[in-house]
Amino acid sequence: MRILTKRLLIISIFLLAFFIGAICLRVGKQEDDHKDYVLGGMFTGKKKDENIDLAASSLSRQAIQIMNKQMSNLNETYFRPSNLKALNSRFMNLEAFSENFKDGKIPNELLNTPGKSAINYFSVLQQASNLTMEKNGGCGTVGYGLEPFPIAYSFLSENNKKSMNYDVFLRSFEGIGHINLIKLLPITVDSMDMSRFFVELEILEGSSVGVTTFNYYTGELDVIKVNGLYYIDALTLTPEDFFCAAYHGWAHNAESYVETVYGNWCGLIMKQYAPDQDEYMKKIVIDGVDNRKYMFEFAKLTNGTDLLINSLVKKKGDWVPVQIDVEKCLDKNKAQF
């Protein structure tokens, strides 16, 4: 009886060892076969970032398709100079230029509307040239030389002249050989005596090695009414960069900008409509969750960027300026995380 019990014990231990071994082998095989699984799912490792901004991950399929189309045509979208016609070519003929500005005076008819004053101001400056030894170009005389600068200075308001005397004004053009105004778009303001424009300038500059370069600037131009005539009261300019939009996505595209900023961040959008656009502007209308219609107007820049210049809301059938505190939207979103 004792022998039988002993044999059964030995067999039981053997069988237990066998089962434990089999289980261990099976677990080991499973670990080899499924080493990329974890917590009931496959572990694939961290994928490398593909230079996609975090905000872009929440964009709609339509916005992503638009961005992908632009990226597929990268060279033509972002790296080519503007082919827009210059708006400021009124005085291309030197004889006509001299005839219009006898004794350095500006005819009143060139200053009688805000738009005329802006275009005529840049028309005077178009052929102005202040190339220097440090920034040179050309093969001799360029344009009308320094002759247009005193006339252009006369377009400035007295307030503007106080902040920038003529010597400072002239030095600010050092290295410039030619100026094209390629965009002049109205910015909506609440003022009867002041008008504001978005401008884009195409500048031909000299350089230290004698090569001529094209550069682009955007900015805001204020024109003020004085005794029935309009004068340049302020101009702010920012140089364009030709790499930002090409390599750093959503914020430079109007559709994705509106969707991200006013939809995802501010929670304002109930419906976003397809843009209405031409070669100068892109307009996007939305239905707000507050039952109001909003319109966002973007200037289309030479470097491929859509730049917001007007935020408007519809009141009694008219589009009027509206201030939307985007920083407040961001702070609210940060507080939720």
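Structure above, values below:
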| quantity | calculated |
| --- | --- |
| Part-to-part distance (alpha-carbon centres) for region 84-159 and region 215-247, which is given in Å | 17 Å |
| Extended-chain gain in nm, criterion 0.36 nm per residue less alpha-carbon gap, E109 and D331 | 74.9 nm |
| Local net charge near N100, Cβ-Cβ under 14 Å (Lys/Arg +1, Asp/Glu -1) | -1 |
| Cα-based convex hull volume of region 118-257 per residue, rounded to whole Å³ | 129 Å³ |
| Cβ-derived FRET efficiency at R0 51 Å, S172 paired with Y273, nearest 0.05 | 0.75 |
| Protection proxy ranking, peptides 285-292, 208-215, average beta carbon neighbours within 10 Å, highest first | 285-292, 208-215 |
| Exposure ranking of C329, C139, C244 by accessible area [1.4 Å probe, largest first] | C139, C244, C329 |
| Unit charges on C-beta of K, R, D, E only; dipole of region 203-316, Debye | 600 debye |
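The values are calculated or read from the model by the stated rules, or taken from the named source; none is laboratory data. For clarity, every value in this text was computed on a predicted model and none was experimentally measured. Note that each Cβ is placed from the backbone with ideal geometry, even for glycine, and that neighbours are counted across all protein chains shown. With ligands, DNA and RNA removed, areas are computed over all heavy atoms of the protein, side chains included. Shrake-Rupley method; radii C 1.70, N 1.55, O 1.52, S 1.80 Å.
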